[in-house]
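Report on the structure given below.
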Amino acid sequence: MPTVDDREVVDATGDPDLSARLEPAADENPDGSAMCLVTLAEVYRALGRADRAQRAIDQCRVLCERYGLPRWAAEVSREQAEICAATGDYRGAFEAYREYHRQFEVLGTSANDARGRMLEVMFQATDARRESGTACSPSRTRSRGSTTAGMSTRSSASR
């Protein structure tokens, strides 16, 4: 399988700094732009271009702060750790991974809290319906002469 080196990527786009091309789209779709910048940093890092990877991550960090994108801020910390490790800065990699872990835990806690609140509201609504006597149960929604009962009656009558 042929590989693509950095020069081919730049020649294909005609732009030596691909992250600059994402800047105009950031206002329209900050979440998508952050995703693209993290992915671009991963590609640059894999190509051995840590300088460009760092520029893309720095740009994404600013975008995350400006638009309040906690999920992508965590991904920025993760990729920052990878860039530091790739350049031999293992202390920086360790610190960035610690930050990533902290951010990831906060995201998980927020998601669990939201799920818990949603389940509580669903329970309260169901409980309120049950108390008011308007709960929807299969026996109340079925008509008196259900099709299943009619089919069994016809089949026994034809015997």
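The values are calculated or read from the model by the stated rules, or taken from the named source; none is laboratory data. The model shown is predicted, which means the values in this text are computed figures rather than measured ones. Here the Cβ positions follow ideal geometry from the backbone for every residue, glycine too, while neighbour counts run over all protein chains shown.
For segment 128-143, what are the residues that are surrounded by 10 or more Cβ atoms within 10 Å (Cβ to Cβ) and at pLDDT 75 or above?
Listed by number, the residues that qualify are A128, R129, R130.
Condition first: surrounded by 21 or more Cβ atoms within 10 Å (Cβ to Cβ) and not in a helix (DSSP H, G or I). Now tell me which residues in segment 45-60 satisfy that.
Selection gives nothing.
Scan A81, A125, A85 and give me the residue that is modelled with pLDDT of 70 or more, assigned to a helix (DSSP H, G or I), out of contact with any Ser or Thr (no Cβ under 7 Å at 6 or more places or on another chain) and loosely packed, with under 11 Cβ neighbours inside 10 Å.
On the way: A81 fails: loosely packed, with under 11 Cβ neighbours inside 10 Å; A85 fails: loosely packed, with under 11 Cβ neighbours inside 10 Å.
Exactly one of A81, A125, A85 is modelled with pLDDT of 70 or more, assigned to a helix (DSSP H, G or I), out of contact with any Ser or Thr (no Cβ under 7 Å at 6 or more places or on another chain) and loosely packed, with under 11 Cβ neighbours inside 10 Å, namely A125.
Within segment 97-107, can one find any residue that is more than 18 Å from the chain's Cα centre (by Cα), in a loop (DSSP other than H, G, I, E, B), closer than 21 Å to L40 by Cα and free of Cβ contacts under 8 Å to residues at least 24 places away in the same chain?
no
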